[in-house]
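As structure tokens, the structure follows; a few thoughts come after it.
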Amino acid sequence: MRISELSRRSEVPIPTIKYYLRQGLLPPGQSTGRTQAVYGEDHLRRLRLIRALVNVAGLSVAATREVLAAVDAHTDTFAKLGEVHHALPSPMPEAEPPDSTATSHASELIAAMDWQVSQRSPHRTQLAQALAALRRLGFPPDTEILRRYAELADQTARIDLDQMMHQEDPIDQAERALVGSLLLTPVLVALRRLAQENEAAARLAPSKHVDHGARNADDSAGEPRAR
């Protein structure tokens, strides 16, 4: 396909595609003339991954180049996933460095879960930062409660990996890893809040639950209009 079709199918503007080519993020197409080239389905998949890294994960061009180089260099899925996963931005980018207590607490939780996690994983530090922030705010995390949350995260991770392993192409696998880690996070947050609302209604609401939003709408509908 020509670059115009590649742009149309990927929904990436031609100037942006040319920029990715100049930066080495997208491999060059097959030359058909001094200023022309054709591109294949691999370029389309690569563009999708680049856009996920840049637009969704928020990586810089340099960081994106490193992730793509790692994806290209490694032959096994585990190494590819590790490189992509470790490149994900921190959910607490402005957090203070964790103290030794929080770092130890995070390591103990990981060990208690028997998780095989690299010592260089940035997510170790992110967990310790979050635990330290909770303690500074007067909400020291309870070990047993954290363990129960970790068990739920364990179940979620199994679902994520089940979805990723359905993809045979390494680019598709890397993209699925990003989708599971980033794009589904708002869905999980919304589901958790909906479940909390339901649980609160079951435990705390009067026996005859009233939908306050619906009641207010009905009340306003029955009020006489001002003249």
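Taken together, the values in this text are just the output of simple stated rules run on the coordinates, not laboratory data. Keep in mind it's a predicted model, so treat the numbers as computed, not measured. So basically every Cβ, Gly included, is an ideal-geometry build from the backbone, and we count neighbours across all protein chains shown.
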Cβ-derived FRET efficiency at R0 45 Å, Ile14 paired with Ala205, nearest 0.05 = 0.20
Degrees separating the helix 212-222 axis from the principal Cα axis of the chain, which is the longest one = 80
Using the Cα centre as the reference, give the magnitude of the dipole from point charges on the C-beta atoms of the range 97-209 (Lys, Arg: +1; Asp, Glu: -1; all else neutral), rounded to the nearest 20 debye.
-> 580
Restricting to Cα pairs under 8 Å and 6 or more apart, the percent relative contact order of the chain works out to 17
Where is the GNM fluctuation largest for the chain (alpha-carbon springs, 10 angstrom cutoff): Asp42, Asp160, Asp172?
-> Asp42
Take each of the peptides 5-13, 98-106, average the number of other beta-carbon atoms within 10 Å over its residues, and list them starting from the highest.
-> 98-106, 5-13
Between helix 41-51 and the chain: long-axis angle, C-alpha atoms, 0 to 90°, nearest 10 = 50
Compute the acute angle (0 to 90°) between the alpha-carbon long axis of helix 122-136 and the principal axis of greatest extent of the alpha-carbon atoms of the chain; round to the nearest 10°.
-> 30
Place a +1 charge on the Cβ of each Lys and Arg in the chain and a -1 charge on the Cβ of each Asp and Glu, then give the dipole magnitude about the Cα centre in debye, rounded to the nearest 20.
-> 880
How long are the three semi-axes of the equivalent ellipsoid for the range 88-180, computed from the Cα gyration tensor as the root of 5 times each eigenvalue, in whole Å, largest first?
-> 27, 15, 12
Highest-fluctuation residue, Leu127, Leu26, Leu191 considered, GNM on the chain with Cα pairs under 10 Å | Leu191
Helical contribution to [θ] at 222 nm, DSSP H n ≥ 4, -39,500 (n - 2.57), averaged over the chain, rounded to 500 | -19500 deg cm²/dmol
Whether the chain is rounded, prolate or oblate, judged on the alpha carbon gyration tensor where a/c under 1.5 counts as rounded | oblate
Choice from His43, His86, His166 showing the highest fluctuation, given a GNM over the chain with Cα pairs closer than 10 Å | His166
